[in-house]
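Laboratory data are not the source of any read-out in this text; all were calculated from the coordinates shown. Here the structure is a predicted model, which is why all the values come from computation and not from measurement. Cβ: placed from backbone, ideal geometry, glycine included. Neighbour counts: every protein chain shown.
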Amino acid sequence: MRIIHTISELREWRKSAGRVAFVPTMGNLHAGHIALVREAKHRGDALVVSLFVNRLQFGQGEDFDRYPRTLDNDAALIAAECDNAVVFAPDEKELYPHVIQQYKVEPPAIQDELCGAFRPGHFRGVATVVTKLFNIVQPDVACFGKKDFQQLFVIQSMVADLNMPIEIVPVDTGRADDGLALSSRNGYLSAEERKEAPRLYWHLSRMKQAIEAGERDYARLAAEVVMDLRIRGWNEVDYVETRNADTLKPATHTDHHLVILIAARLGHTRLIDNVEFRY
């Protein structure tokens, strides 16, 4: 395995790398990230995994400064899965040489909905850093997890709209045995909060079952979830939404490819999850 810290070294390596598969991450890897690595390593002649905590996608008061930086452990996990992988781990000055990023990639209105309504500028930061990484790595294929469904939608739309010659591969959400979606932020949960956190997936599964059984009052289903979570001590429920999985527009009674998305705060930790299905 090789660790590269500079853009110039990565570009020199890229000249002879053949077909490249790419997994962009912010590091602090868990089993969900490793599932992306496993998927990607079979899709190219070479694999690049980036480790970079992107300041642009964090809002004021969010956890940028305390987000774990675990390069040595991350590199070991990647090497265990793919011993010839390249880890691209630039520092901020390397990726943002002018300190302030003057040119940004501006997603359409969906960036201000769902998570974007509670994290202004987040998807602008995501789209900008992913575009920069795509320009540097020049991948043929890139893998993204479905847990961040809105992020996946933004990236897929951006690649199509800007004619980027990159295949985007969605990878199913990794889950713990009790259903909790794997996330680096799960490490912020206390022991009691960790026991309660799978409640999100439980509610998503119940909503899915109700819709498959014929329920179409999506607002009522969401209200029941919000009420239960508040009773159980969740701090805030940002949203519970049923959307068309292809467009991310609010679901209608004629839509049959759906995604139910949820975001809520348990203690000091904001958790997101979703379930995509057809009926």
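Structure summary
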{"quantity": "Extension gain (nm, one decimal) between ALA176 and ILE100, 0.36 nm per residue minus Cα-Cα", "calculated": "23.5 nm"}
{"quantity": "Dipole of the chain, positive direction: furthest Cα of ALA176, HIS98, CYS143, with charges on the beta-carbon", "calculated": "HIS98"}
{"quantity": "16 Å reach of a label modelled at ARG230, 7 Å along Cα-to-Cβ, counting backbone N of the stretch 238-269", "calculated": "238-241, 263-266"}
{"quantity": "Ranked packing of 267-277, 187-197, most packed first, by mean Cβ within 10 Å", "calculated": "267-277, 187-197"}
{"quantity": "√(5λ) per eigenvalue of the Cα gyration tensor, the stretch 142-279, largest first, Å", "calculated": "25, 20, 12"}
{"quantity": "Rg/Rh (Cα only; Kirkwood hydrodynamic radius) as it applies to the chain", "calculated": "0.97"}
{"quantity": "Cross-link reach list, aspartates and glutamates versus LYS195, counting only Cα pairs under 13 Å and skipping chain neighbours closer than eight places", "calculated": "ASP177, ASP178"}
